[in-house]
1. Can Gly69 be described as small (Gly, Ala, Ser) and either free of Cβ contacts under 8 Å to residues at least 24 places away in the same chain or closer than 26 Å to Thr166 by Cα (or both)?
2. Checking Phe110 against (1) within 22 Å of the chain's Cα centre (by Cα); (2) over 21 Å from Thr62 (Cβ atoms); (3) open to solvent by less than 60 Å² (accessible area, probe 1.4 Å): exactly one of these is not met. Which one?
3. Please specify each residue of the stretch 49-62 satisfying the condition of being within 25 Å of the chain's Cα centre (by Cα), in a strand (DSSP E or B) and β-branched (Val, Ile, Thr).
4. Can you find a residue in the stretch 68-89 that is of a type in the set (Ser, Thr, Tyr) and in contact with a strand residue (DSSP E or B) (Cβ under 6 Å, 6 or more places away or on another chain)?
5. Only one of these is of a type in the set (A, V, I, L, M) and outside any loop (DSSP other than H, G, I, E, B): Val147, Val134. Name it.
6. Sort through Asp116, Asp131, Asp137 and tell me the only one that's among the acidic types (Asp, Glu), open to solvent by 40 Å² or more (accessible area, probe 1.4 Å) and farther than 16 Å from Tyr218 by Cβ.
7. For Ala80, all conditions in the list (1) open to solvent by less than 30 Å² (accessible area, probe 1.4 Å); (2) at pLDDT 95 or above; (3) of a type outside the set (Lys, Arg) hold save one; what is the number of the exception?
Amino acid sequence: MDDDKLGSGVLMVLPCQKRVRAVFAGKVVADSRNVLILRGQGILPVYYFPRIDVKPAQLRSTGLGGGPGRAGPVERFDLASEDREVCDAAWSHPQPADPVLLPLKDHIAFVWGAVDAWFEEDEEVFVHPRDPQVRIDTLQSSAHIQVVLADVVLAESHRPLVLVETNHPVRYYLPPEDCRLDLLAFSPRTTRCPYKGTASYWSAVIDGTIHENVAWTYRNPIAEIPRIKDLIAFYPEAVDAILRDGEKLA
């Protein structure tokens, strides 16, 4: 990552406690349980793989560039398969200048869109890596929420679900019964969030005027905590061993 993208804000390099894989042209090009995540002000999180966990046959170095800034010199790579090639698909920092970035030495990062799919463990991840320091809380509330557009009350509720996400504005999710569905129509727009899933959008139609994409909903949100219902977890210190892929976990 070049210095113009790193900016001058605070940077952090954090361990990722998940197995991460990158898939290109039907093949896994990187697979590691020792990935690092670069996070910081004004940048999206980035996975950095140890070189030993990146498949060298599909990467071709195009040389060093960059300068004496925070990142130091940057080595760039093209990514190729038998019938596809993506230029400037990956990079590394052979000698980071900023001490904070020193753990990234001997690691390789990929441009998110240069590969076809990303996985944390066996679940696909979309848009960008999940930031280890992002938290999402959903809280039931009795706050009175009203939504007004063009002098019409589109929604009114005393039972919103309050969603609080790190570094984002608080959002209020309202029951459909408390919204004027007769004035709302689904939009063709969709977006993805790595933390919540795929969002569908609503447009409002008031007195013949279409107000596009005024609201959104997650019809099939990512279910995190509810998914552990009825499952059993063991304390490592209470048993002789817990093994992962044949290896004893600390």
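1. Numbers: small (Gly, Ala, Ser): yes; either free of Cβ contacts under 8 Å to residues at least 24 places away in the same chain or closer than 26 Å to Thr166 by Cα (or both): no.
Criteria not met by Gly69.
2. Condition not satisfied by Phe110: (2).
3. The first filter runs over the stretch 49-62 and keeps only residues within 25 Å of the chain's Cα centre (by Cα), leaving 49-55, 58-59.
Filter once more, keeping what is in a strand (DSSP E or B): 49-50, 54, 59.
Across the stretch 49-62, the qualifying residue is only Val54.
4. Just the residues of the stretch 68-89 that are of a type in the set (Ser, Thr, Tyr), to begin with: 81.
Restricting the remaining residues to those that are in contact with a strand residue (DSSP E or B) (Cβ under 6 Å, 6 or more places away or on another chain) gives none.
Within the stretch 68-89, not a single residue is of a type in the set (Ser, Thr, Tyr) and in contact with a strand residue (DSSP E or B) (Cβ under 6 Å, 6 or more places away or on another chain).
5. Numbers: Val134 fails: outside any loop (DSSP other than H, G, I, E, B).
So the residue among Val147, Val134 that is of a type in the set (A, V, I, L, M) and outside any loop (DSSP other than H, G, I, E, B) is Val147.
6. Values: Asp131 fails: open to solvent by 40 Å² or more (accessible area, probe 1.4 Å); Asp137 fails: farther than 16 Å from Tyr218 by Cβ.
Sole residue among the options that is among the acidic types (Asp, Glu), open to solvent by 40 Å² or more (accessible area, probe 1.4 Å) and farther than 16 Å from Tyr218 by Cβ: Asp116.
7. For Ala80, the exception is condition (2).
Condition check ((1) part of a strand (DSSP E or B); (2) open to solvent by 40 Å² or more (accessible area, probe 1.4 Å); (3) out of contact with any Asp or Glu (no Cβ under 9 Å at 6 or more places or on another chain)) across all residues:
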residue	(1), (2), (3)
Leu64	yes, yes, no
Arg76	yes, yes, no
Leu102	no, yes, yes
Glu124	yes, yes, yes
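The values are calculated or read from the model by the stated rules, or taken from the named source; none is laboratory data. Since we're looking at a predicted model, the values are computed, not measured. Neighbour counts are summed over all protein chains in view; Cβ atoms, including those assigned to glycine, are modelled from backbone coordinates with ideal geometry. Note: accessible area is taken over every heavy atom of the protein model, side chains too, but ligands, DNA and RNA are not part of it. Shrake-Rupley method; radii C 1.70, N 1.55, O 1.52, S 1.80 Å.
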